[in-house]
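A short worksheet on the structure shown next.
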Amino acid sequence: MKAFTYERAKSPAEAAATAARIPGAKFIAGGTNLLDLMKLQIDNPTHLIDINDLSLDRIEATPEGGLRIGALVRNTDLAADPRIRRDYGVLTRAIVAGASGQLRNQATTAGNLLQRTRCPYFYDTDQPCNKRKPGSGCSAIGGFTRIHAIVGASEACIATFPSDMAIAMRVLDVAIETVRPNGATRTIPIADFHRLPGNTPHIENVLEAGELITAVTLPRPVGGVQAYRKVRDRASYAFALISVAAIVQPDGNGRVALGGVAHKPWRVEAAERELPRGARAVAAGLLAGARTTHENEFKLPLVERTLAAVLQDAKG
Ligand SMILES: Cc1cc2nc3c(=O)[nH]c(=O)nc-3n(C[C@H](O)[C@H](O)[C@H](O)COP(=O)(O)OP(=O)(O)OC[C@H]3O[C@@H](n4cnc5c(N)ncnc54)[C@H](O)[C@@H]3O)c2cc1C
Ligand code: SF4
């Protein structure tokens, strides 16, 4: 690990201003992703701003009838909150499908949204990787691609975004609240937060340098049967090959988002209109234009079958 300096932030605005002022500064929350990247020298911050003393660890009701989740709420606490379990079941199910109990005790809401890809070439510093070193090439193209993207990828990067929590947040249409280095705040719909790789796969979201996430806002509960189904190589402690987050209403309409298929949580609202016609029609819309390799073409039928199982459960 390379040497770095360290401070504990005193306020969100000050943390954002400091992060923008010091080149190479980074926030640290739970540290479950960042510390691994530092030990592998993939991320080499010059200065760590520990945000754990900021009072961003509460879940509060909003005047609009939703919930405001502080950026530092631990994944375990979020999943266990009775209001989340009752009104946003898809979120609880997605969180507990991820990582391990110990990791979820430490991981935070904002850190989870910002975790990096699990593409093995990203972690192998002997291999070219445009995400780790822009312009160096993509080792996954023509390499091992079992876990890689089938939609929304580019010639520069075919990595997937590994979060479970974020897939549920996409289907729930959350908004992400931030404070910028100049002290101004803004709210970003999750649909606009994560980016597709294009020619700049190292830029994964729309945050500006130093911008701090302060909260995630859930809209009013939408009801329906809420499900999260994750398919992976092991029964636990493994990232998704694919996952399906769904909210199905009594009339058969609803919402669907996919994990494990793209560089961001994948949702195509037009495809959701096909829900009353069944999984095949929805999957066709969600995965229109998919580009697969012989190693990951299994994801196409797997999405359809997993969605079919979710819809069947919802009817039950
Ligand atoms: C072995 C292992 C298995 C895992 N399995 C899964 C899994 O199955 N599913 C899954 O979804 N996840 C999984 N994870 C990932 C885990 O969920 C993330 O590591 C965790 O959510 C990151 O949160 P953190 O608070 O520890 O982030 P940190 O490591 O502290 O930070 C991550 C990034 O976010 C930035 N950051 C943190 N907070 C803020 C903020 N408020 N504003 C702006 N930037 C911020 C940091 O600078 C850093 O770049 C796994 C992790 C490990 C190590
Ligand atoms: S898929 Fe993306 S993360 Fe993986 S090697 Fe290619 S550029 Fe790097």
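The values are calculated or read from the model by the stated rules, or taken from the named source; none is laboratory data. Everything numeric in this text was worked out from a predicted model, so none of it was measured. Neighbour counts are summed over all protein chains in view; Cβ atoms, including those assigned to glycine, are modelled from backbone coordinates with ideal geometry. Please note that ligands, DNA and RNA were not included when accessible areas were found on the heavy atoms of the full protein model with its side chains. Shrake-Rupley method; radii C 1.70, N 1.55, O 1.52, S 1.80 Å.
Can you name every one of the strands (runs of 3 or more DSSP E) wholly within the stretch 23-76 that holds 2 or more residues which are more than 9 Å from ligand 1 (Cβ to nearest atom) and of a type in the set (A, V, I, L, M, F, W, C)?
Details: elements: 25-28, 47-50, 59-61, 67-70.
By residue number, 59-61, 67-70.
Determine whether the stretch 201-213 contains at least one residue that is acidic (Asp, Glu), open to solvent by 20 Å² or more (accessible area, probe 1.4 Å) and either touching a strand residue (DSSP E or B) at 6+ places or on another chain (Cβ under 7 Å) or closer than 30 Å to Leu54 by Cβ (or both).
Looking through the stretch 201-213, at least one residue is acidic (Asp, Glu), open to solvent by 20 Å² or more (accessible area, probe 1.4 Å) and either touching a strand residue (DSSP E or B) at 6+ places or on another chain (Cβ under 7 Å) or closer than 30 Å to Leu54 by Cβ (or both).
Quickly run through the stretch 118-131 and pick out the residues that are open to solvent by less than 60 Å² (accessible area, probe 1.4 Å) and within 15 Å of ligand 1 (Cβ to nearest atom).
Within the stretch 118-131, Cys119, Phe122, Tyr123, Lys131 qualify.
Could you pull out the residue among Pro162, Pro134 that is open to solvent by 40 Å² or more (accessible area, probe 1.4 Å), within 16 Å of ligand 2 (Cβ to nearest atom) and part of a loop (DSSP other than H, G, I, E, B)?
Of the residues listed, the single one that is open to solvent by 40 Å² or more (accessible area, probe 1.4 Å), within 16 Å of ligand 2 (Cβ to nearest atom) and part of a loop (DSSP other than H, G, I, E, B) is Pro134.
Could you say whether any residue in the stretch 43-66 is open to solvent by less than 50 Å² (accessible area, probe 1.4 Å) and closer than 23 Å to Ala97 by Cα?
Taking every residue of the stretch 43-66 in turn, at least one turns out to be open to solvent by less than 50 Å² (accessible area, probe 1.4 Å) and closer than 23 Å to Ala97 by Cα.
Of all residues in the stretch 188-241, how many are of a type in the set (Val, Ile, Thr), in a strand (DSSP E or B) and free of Cβ contacts under 8 Å to residues at least 60 places away in the same chain?
The number of residues fulfilling the criteria is 1.
Of the residues in the stretch 82-93, how many are closer than 21 Å to Arg58 by Cβ and either open to solvent by 20 Å² or more (accessible area, probe 1.4 Å) or under 15 Å from the mean Cα position of the chain (by Cα) (or both)?
Final tally of qualifying residues: 7.
What residue, of Asn75, Asn105, Asn112, is closer than 19 Å to Ile28 by Cα, of a type outside the set (Lys, Arg), surrounded by fewer than 19 Cβ atoms within 10 Å (Cβ to Cβ) and modelled with pLDDT of 95 or more?
The conditions single out Asn105.
From the list Ala227, Ala245, Ala238, Ala215, exactly one residue is touching a Phe, Trp or Tyr at 6+ places or on another chain (Cβ under 7 Å), of a type in the set (Gly, Ala, Ser) and closer than 21 Å to Thr92 by Cβ. Which is it?
Ala245
Look at Phe144 and say whether it is of a type in the set (Phe, Trp, Tyr) and open to solvent by 40 Å² or more (accessible area, probe 1.4 Å).
yes
How about the stretch 17-40: which of its residues are open to solvent by 50 Å² or more (accessible area, probe 1.4 Å) and within 16 Å of ligand 2 (Cβ to nearest atom)?
Hits for the stretch 17-40 are Asp36, Leu40.
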